[in-house]
Amino acid sequence: MALKTEPIVVNIGPQHPSTHGVFRMRVTFDGEVIVDLEPCLGYLHRGIEKLAETRTYTQNIPLTDRLDYLASMTNNLAYVLAVEKLAGVAVPERAEHLRVIMAELMRISSHLMAVGAFLNDCGAFMTPFLYMFREREKILDLFEMVCGQRLTYNYMRIGGVSHDIPDEFLPALRRFIAEMPGFIDEYDQLLASNEILLARAKGVGILPAKLAINTSASGPVLRASGVKWDIRQADPYSVYDRFDFGIPTGEVGDVYDRYWVRIQEMRQSVRILSQAVEQLPSGEVCASMPCLLRPPVGEAYGHIEGPKGELGFYLVSDNSIAPYRFHIRAPTLINLTALRDMTVGWKLADAIIIFGSIDICLAEVDR
Amino acid sequence: MTTLLCGHEVAKQITDFLPDAVAVGDGTSVIIKGERLLPVAQFLQNTPGLDFDYLVSITGVDYAGYFEVVYHLTSIKHNHGLILKTRCYSRENPALPSVTSVWRGADFQEREIYDLMGISFSGHPNLRRIFLWEGFPGYPLRRDYL
Amino acid sequence: MLVVIILAFFLAMVMGFIYIERRGVGRFQVRLGPNRAGPQGILQPVADTIKLLVKEDIVPAKGDKWVHWLAPVITLIPVMMIFAVVPIHDGVGLIPDLDTGILYVIAISSLAVVGIFMAGWASNNKYSLIGAMRAVAQMVSYEIPLVLSIMGVILITGSLSMNQIVQAQSVPFILLQPLGFLIYFLSASAELNRTPFDLLEAESEIVAGYHTEYSGMKFALFYLAEYGHALAMSAIAATLFLGGWLGPGLPSFLWFVIKVLFIFFIIFWIRSTLPRLRVDQLMGFAWKCLFPLALINLFITGAEVIIWEALPWWLVIVNLFIATVLLVLWSKLFRSGREKIAV
């Protein structure tokens, strides 16, 4: 006798331990197998794009801190690069190097959170997460030294950075650079050889390279699919063309590759950091800027390789003190486009780790 | 370094393919007539030498008189970029064809523009508001919304 | 009177274990763990209990109120009943000489799944229901290797009574039954819903599984049942495989407590280390890995018991060798599913 069955619809979120904020997935299950999934967004929409149209260019920098709060420095950087492109501002050498240092520290910190949260989604009961926090804490200490903040830094300025680094910063950073590779090895050893993790992550949630490009995926998600595309090398900004670093790419684009790419990127970031510290020139840290910047009429698109993908700012100026249009190309929102393709046919537990492996931050998705 | 293709040259190539598609081609961008957007998008994606396989971002800008929708395109193969623009002049019912069938990455971004700017994209598989709830009055990113 | 003493003894142990686990896991996770209530945070379980007692008891509006109310009780009582047959100190327990001791333990501990399913059903919550579905599948599957692994011990001693099993252990049975112990331990962890088998309360997937909708004292009962069950399973492992109260020097009950604590320590060590299995991998592990291994173990033990009247000492080495070979073989043969399901 055939039992009468019907699919059940479960709203995962907006309040759920592993949706990384207030995200909702409307999932249709057949037993435990997913037959349909629809992301529902907007629980954290604050209208930042509209807000920014009423503030001056400098006043908008703190707003960018509130996008992806796990990567505030890189948000700052993307925005000030766009404004500098719009207004044609030259940035002092030292400031460029400081920006690179901060951006790479931020990338390590963001990837630590991504990997930790991903393993937490795998069910590793907080332990890897808290180990990652131990290292993230050191990065936050470094940021606190330079700008007094631990979460919303507001450090970059149009034309440079807000402060020069204090004396104790460089020794602390050198110490961090020296010990970080050991910690990355520790995590990799602990986790990459774990049979359960391999069984859970290998071959799960495959995003083929073609689909990844077509759905405009970016960052580690794109590179895990085997596409060697990193804006730091494809379209170098700041002083990235002076550093020697590799772009790790995955092979099949499954959950494990995304995890692996993040681990490898942390190693490359440490490499960039050590080169940037060696090359750090002395001098000014901020170009002299007018109190109220009035860029010429026009438009500019500034983009960087953020920890979560290509973060871009599209600015339109009408020669007033505030941007006429302020658009954010949010990498995490666009990476979510492929979520349905990756999850359908997998089980509930897989959906959670596939979602975790995209590494989104809802404050940036909803803006 | 991603080279930004010159608008004039791309405009010429598009005109060869579709004579009435290009409105203006200037130094940095190509402005396309709205109703010809879809064939032009397919042309840009599939033509060897252009190969714009990656849609970076879509932005809507409200220039009071008209809406401009900006497509930033990149070719990962050749590492070059293009800024494609299109305009719609209706304020009550602005509509454009959707490019989701060409670049699926447009999905959420077109929904976002529909939600916040009020431009509807015909042919979009799931055109509903993405951030705000159904029935929200007005479109916040328009300049006249206060 | 003895009932009260034994219950008090085990409940005190549960309290102690909750404290030890929280502190221990804190250490594993490079943090301190609770250290504010009382000296070194020793009163933390008491504080938690008081907090839970005074919390509001929420019943879902569309839930089945009676079943919702009964579920924690039905989960807790069998767990408490297991302790009746466990000898604590030199053959002293409530009824440690019960002739059907092991059978009683197996029968009673299976009852807990009924309470869990009731909780999942009565909550009228989809997460709870998924948790309950998983609970039934998981606990029924792991019951089989659990029982089969105990059978080896029963074959050697020829008795179901807990006291006689302990007295028969001139060498702890973990040495004679290394594979049996391993299978018992893994199945018991699955029965206990501990990581890596904690699918029915998988936090990152289904919030809290069957007890999502429970609060206050009812939640406390589930919590107590969970730790009580962990303690019971550790106590049975200590009795069957580690020689129960037997041990030189120290008082017998202290030996018992140390052995139970040792097993429990391994359980929460694993908990704070490993990620979670997926539901099909979990079932595959039970049926493709543990079940055949348990059968082979039973067969080998049976053969050994028939051949030798009293088992010779060198059998310890032989069994260890057999266990290693089998485990290596299975780790090569057994591959957990990595395929997508066609929809």
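Output yes when any residue across the range A:275-294 is open to solvent by 10 Å² or more (accessible area, probe 1.4 Å), hydrophobic (A, V, I, L, M, F, W, C) and touching a Phe, Trp or Tyr at 6+ places or on another chain (Cβ under 9 Å), and no when none is. For the range A:275-294, residues open to solvent by 10 Å² or more (accessible area, probe 1.4 Å), hydrophobic (A, V, I, L, M, F, W, C) and touching a Phe, Trp or Tyr at 6+ places or on another chain (Cβ under 9 Å): present. Screening C:VAL79 on (1) open to solvent by 60 Å² or more (accessible area, probe 1.4 Å); (2) more than 30 Å from A:ILE12 (Cα to Cα); (3) in a helix (DSSP H, G or I) shows it passes everything except condition (1).
Out of the residues in the range A:28-74 meeting the condition of being in contact with an Asp or Glu (Cβ under 6 Å, 6 or more places away or on another chain) and more than 11 Å from chain B (Cβ to nearest Cβ), tell me which one is most open to solvent (accessible area, probe 1.4 Å). The qualifying residue most open to solvent (accessible area, probe 1.4 Å) is A:THR28. Quick check: anything in the range A:241-252 part of a helix (DSSP H, G or I), within 22 Å of B:LYS77 (Cβ to Cβ), within 14 Å of chain B (Cβ to nearest Cβ) and touching a Phe, Trp or Tyr at 6+ places or on another chain (Cβ under 7 Å)? Among the residues of the range A:241-252, not one is part of a helix (DSSP H, G or I), within 22 Å of B:LYS77 (Cβ to Cβ), within 14 Å of chain B (Cβ to nearest Cβ) and touching a Phe, Trp or Tyr at 6+ places or on another chain (Cβ under 7 Å), which makes the answer no. Do you know which residues across the range A:1-24 are part of a strand (DSSP E or B) and within 14 Å of chain B (Cβ to nearest Cβ)? If the condition is that a residue be part of a strand (DSSP E or B) and within 14 Å of chain B (Cβ to nearest Cβ), then A:ARG24 is the only one that fits.
Is one or more of the residues making up the range A:153-164 under 30 Å from C:THR195 (Cα atoms), surrounded by 22 or more Cβ atoms within 10 Å (Cβ to Cβ) and in contact with a helix residue (DSSP H, G or I) (Cβ under 8 Å, 6 or more places away or on another chain)?
no
Is it fair to say C:LEU333 is touching a Leu at 6+ places or on another chain (Cβ under 8 Å) and either open to solvent by 40 Å² or more (accessible area, probe 1.4 Å) or within 14 Å of chain A (Cβ to nearest Cβ) (or both)? It is false that C:LEU333 is touching a Leu at 6+ places or on another chain (Cβ under 8 Å) and either open to solvent by 40 Å² or more (accessible area, probe 1.4 Å) or within 14 Å of chain A (Cβ to nearest Cβ) (or both). Being modelled with pLDDT under 85 and more than 21 Å from A:MET102 (Cα to Cα) is the requirement here; does A:LEU292 meet it? Criteria met by A:LEU292. When residues in the range C:125-152 are screened for being at pLDDT below 85 and of a type in the set (D, E, K, R), 2 of them pass. Of the strands (runs of 3 or more DSSP E) that lie entirely inside the range A:271-352, those containing 1 or more residues that are more than 10 Å from chain B (Cβ to nearest Cβ) span A:298-306, A:309-317.
Take the range C:227-254 and flag every residue that is of a type outside the set (A, V, I, L, M) and either more than 18 Å from C:VAL86 (Cα to Cα) or modelled with pLDDT under 85 (or both).
Correct list: C:GLY243, C:GLY244, C:TRP245, C:GLY247, C:PRO248, C:GLY249, C:PRO251, C:SER252, C:PHE253.
Report yes if B:SER98 is at pLDDT 85 or above, open to solvent by 30 Å² or more (accessible area, probe 1.4 Å) and within 14 Å of the chain's Cα centre (by Cα), otherwise no. So B:SER98 does not fit the description; no. Of the residues making up the range A:177-231, those that are more than 18 Å from A:ILE247 (Cα to Cα), assigned to a loop (DSSP other than H, G, I, E, B) and within 14 Å of chain B (Cβ to nearest Cβ) number 4. For the range B:70-95, how many residues are under 24 Å from A:LYS210 (Cβ atoms), among the aliphatic types (A, V, I, L, M) and surrounded by fewer than 20 Cβ atoms within 10 Å (Cβ to Cβ)? Of the residues in the range B:70-95, 1 are under 24 Å from A:LYS210 (Cβ atoms), among the aliphatic types (A, V, I, L, M) and surrounded by fewer than 20 Cβ atoms within 10 Å (Cβ to Cβ).
Checked against the criterion of being in a helix (DSSP H, G or I), free of Cβ contacts under 8 Å to residues at least 12 places away in the same chain, closer than 28 Å to A:SER193 by Cβ and over 11 Å from the mean Cα position of the chain (by Cα), the range C:259-279 has no qualifying residue. Scanning the range B:14-30 for residues that are crowded, with 18+ Cβ neighbours inside 10 Å and not in a loop (DSSP other than H, G, I, E, B) turns up B:ILE14, B:VAL22, B:GLY25, B:SER29, B:VAL30. When C:VAL105, C:VAL136, C:VAL171, C:VAL113 are screened for being open to solvent by 30 Å² or more (accessible area, probe 1.4 Å) and part of a helix (DSSP H, G or I), only C:VAL136 passes.
Yes or no, residue by residue, for (1) touching a helix residue (DSSP H, G or I) at 6+ places or on another chain (Cβ under 8 Å); (2) at pLDDT 85 or above; (3) surrounded by fewer than 17 Cβ atoms within 10 Å (Cβ to Cβ):
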site	(1), (2), (3)
C:VAL14	yes, no, no
C:GLU21	yes, yes, no
C:ARG27	no, yes, yes
C:GLY38	yes, no, yes
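Could you tell me which residue of the range B:101-142 is nearest to A:ARG24 (Cα to Cα), considering only residues that are surrounded by 13 or more Cβ atoms within 10 Å (Cβ to Cβ), over 16 Å from the mean Cα position of the chain (by Cα) and among the basic types (Lys, Arg)? Step by step, filter the range B:101-142, then rank; the result is B:ARG129. Looking only at the range A:119-151, count how many residues are out of contact with any Pro (no Cβ under 6 Å at 6 or more places or on another chain) and either within 10 Å of chain C (Cβ to nearest Cβ) or of a type in the set (D, E, K, R) (or both). Of the residues in the range A:119-151, 18 are out of contact with any Pro (no Cβ under 6 Å at 6 or more places or on another chain) and either within 10 Å of chain C (Cβ to nearest Cβ) or of a type in the set (D, E, K, R) (or both).
Would you please name the residue that is modelled with the lowest pLDDT, looking only at residues in the range B:44-66 that are away from chain A (no Cβ under 11 Å) and crowded, with 20+ Cβ neighbours inside 10 Å? Once the filter is applied, the top-ranked residue is B:LEU50.
Restricting attention to the range A:109-128, the residues being among the aliphatic types (A, V, I, L, M) and part of a loop (DSSP other than H, G, I, E, B) number 2. For the range A:88-127, give me each residue that is open to solvent by 10 Å² or more (accessible area, probe 1.4 Å) and in contact with a Leu (Cβ under 6 Å, 6 or more places away or on another chain). Of everything in the range A:88-127, just one residue is open to solvent by 10 Å² or more (accessible area, probe 1.4 Å) and in contact with a Leu (Cβ under 6 Å, 6 or more places away or on another chain), namely A:MET113. The residue pairs whose first member lies in the range A:216-229 and is open to solvent by less than 10 Å² (accessible area, probe 1.4 Å), whose second member is of a type in the set (Phe, Trp, Tyr) and in a loop (DSSP other than H, G, I, E, B), and whose beta carbons are closer than 9 Å, counting only pairs six or more residues apart or on different chains, are A:SER216/B:TRP103; A:SER218/A:TRP229; A:LEU222/A:TRP229; A:ARG223/A:TRP229. Selection of the range A:161-209 for residues being in contact with a Ser or Thr (Cβ under 7 Å, 6 or more places away or on another chain), farther than 18 Å from A:SER109 by Cα and touching a residue at least 12 places away in the same chain (Cβ under 8 Å) yields A:GLY205, A:LEU207, A:PRO208, A:ALA209. C:LEU282 meets all of the listed conditions (1) within 14 Å of chain A (Cβ to nearest Cβ); (2) open to solvent by less than 10 Å² (accessible area, probe 1.4 Å); (3) touching a Lys or Arg at 6+ places or on another chain (Cβ under 8 Å) but one, namely (3).
Checking C:LEU182, C:LEU175 one by one, the residue that is more than 24 Å from A:ALA349 (Cβ to Cβ), in contact (Cβ under 8 Å) with a residue 40 or more places away in the chain, more than 18 Å from the chain's Cα centre (by Cα) and away from chain A (no Cβ under 14 Å) is C:LEU175 and no other.
The values are calculated or read from the model by the stated rules, or taken from the named source; none is laboratory data. Given the structure is predicted, the values throughout are model-derived calculations rather than measurements. With ideal geometry, Cβ positions are generated from the backbone for all residues, glycine too; neighbour counts draw on all protein chains shown. Quick note on the areas: whole protein, heavy atoms, side chains included, nothing else; ligands and nucleic acids left out. Shrake-Rupley method; radii C 1.70, N 1.55, O 1.52, S 1.80 Å.
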